[in-house]
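Undergrad: My questions all concern the structure below.
Please treat every number below as a calculation from the coordinates, not as lab data. Predicted, not measured: the structure shown is a model, and the values here were computed from it. Heads up, the Cβs are rebuilt from the backbone with ideal geometry, glycines too, and the neighbour counts pull from every protein chain shown.
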Amino acid sequence: MTPSVFGVFIKDEKYQQTIFYKLKLTKKAYKLVYMISTYFLSANTPIQQKWGCFFLRSTQFEASIEEFMLYCSSKNLSKKTIKSYEQTLNLFALYLKEENQIERIEDVKKTHIRLYVKYLQDRGKYKVNTPYNRTDKGKDISVNTINNYVRNIKVFFNWLSEEDELNKNPVEKIKLLKGTERLKPLLTEQEIISILSCFDKTKFNGYRNYMITILILDTGCRITECLSIKDDDINLQNKTIVLRNTKNKKERLVFFSTKLKNNLQRWMRYKDRYMNNDLLFPTNRGTLFSICNYEKVLNRIGKKLGVELFPHRLRASFAQYYLLNGGDLITLGRILGHSSPEVTKIYLQLDDQSIQKQHIKFSPLNGMDLD
């Protein structure tokens, strides 16, 4: 049975804002709520003045997306993955509805998916879902980003097929676009030193942000993994950290250097003087430090230094330096928590300067006594 949407908004006079709630209801519950709401909101009462409601019908496609989201939650997928699926599928459903008048999953053909890829290539960034204050609106969407959208759509329709909701799976012959993700150039040693010098270690927030940065540079962990680390996850004697909030939900052991060990010891003593908190990198109020706020810190430093800076670039720099210093691809993949060596191969992309240094270091003629 296709559910309906019941929306309620409450006018909050104290904060001058409207709070919106949306509920998915079955047909019977929908009718019942509609009758009750109509009764209470019909007269010009204080309740009617502060409350409002509206009723919408969900398309069959949208209802299937909701069921898929429930399935993803039951599989204990990460919030980031679920959010990515939901955003991709909602935008795809909107495109199908507006451009092709399609509201049923059975009506989606492989041609529609290919046309959607073409649509994304032609329209560029943020033409449908437009965030404010973006300077890259309308620019080309990268091959990697479009391929991520296609993967999400394929996962959705493959799930529908496994659930026997489709007679024919439209994504069976859909292939990803050719091309690979291009990494940003490797951060030079001087750039890393300049970045670290921008943190004010005399203040709690600045010291914490400095520690987050050098931990990612030394271990290659993801920012989500880093901010979730607790004191008990760290073994200073063995120089290891157990990462628990990982992408695949499996605990992973990473290792750190003696330099980071010394820094961690100082930081933990410093933190414990100000608060009793088991998080390694809390806010000064003792709460979980958000990824968004750390990204803002790096963005400010990047603008100051003229360097494009974000958390994943620190992780990528760790991976590239690991390979340049003689590390192997298989071990690196284990450290980074990759599902296969194919994912790790992206870090084999090196800039010309790094390749030149490696050539000078390993050139056979350089080790020969020649005139």
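Undergrad: Please work out how much length the chain gains when fully extended from residue 331 to residue 121, using 0.36 nm per residue of separation minus the C-alpha to C-alpha distance, in nm with one decimal. Spell out each step's value before the answer.
TA: Values: separation 210, 0.36 × 210 = 75.60 nm, distance 3.65 nm.
The span from residue 331 to residue 121 would gain 72.0 nm if fully extended.
Undergrad: Considering all projection directions equally, how large on average is the shadow of the alpha-carbon convex hull of the range 246-334, in square nanometres? Let's see the in-between values first.
TA: Numbers: hull surface 31.9 nm².
Spelled out: convex hull of the Cα atoms, projected over all directions, averaged, 8.0 nm².
Undergrad: Please report the base-10 log of the normalised intensity I(q)/I(0) for the range 190-313, using a Debye sum with one equal scatterer per alpha carbon and no solvent, at each q in 0.15 (1/Å).
TA: -0.67
Undergrad: Also, quick follow-up: Applying 1/(1 + (r/R0)^6) with R0 = 30 Å to the Cβ-Cβ distance of residue 169 and residue 87, what FRET efficiency is obtained, to the nearest 0.05? Provide the component values of the computation, followed by the final result.
TA: Values: r = 22 Å, r/R0 = 0.74.
The computed FRET efficiency comes out at 0.85.
Undergrad: So if each residue of separation counts as 0.36 nm, and I subtract the Cα-Cα distance between residue 258 and residue 71, what length gain in nm does that give?
TA: Numbers: separation 187, 0.36 × 187 = 67.32 nm, distance 4.40 nm.
Stretched out fully, the residue 258 to residue 71 stretch lengthens by 62.9 nm.
Undergrad: Just to be sure I understand the model, the point goes 7 Å from the Cα along the line to the Cβ. What's the resulting residue 107 to residue 274 distance in nm?
TA: 5.7
Undergrad: With respect to the cross-link table entries 75/154; 184/345; 178/249; 80/168; 83/271, which display a Cα-Cα separation exceeding 23 Å? Display every interim value, and only then the final one.
TA: Details: 75/154 17 Å; 184/345 15 Å; 178/249 30 Å; 80/168 30 Å; 83/271 33 Å.
Check vs 23 Å cut-off fails for 178/249; 80/168; 83/271.
Undergrad: In nm, to one decimal, how far is the residue 290 label point from the residue 238 one, both placed 7 Å along Cα→Cβ?
TA: Going by the 7 Å Cα→Cβ label model, 3.6 nm.
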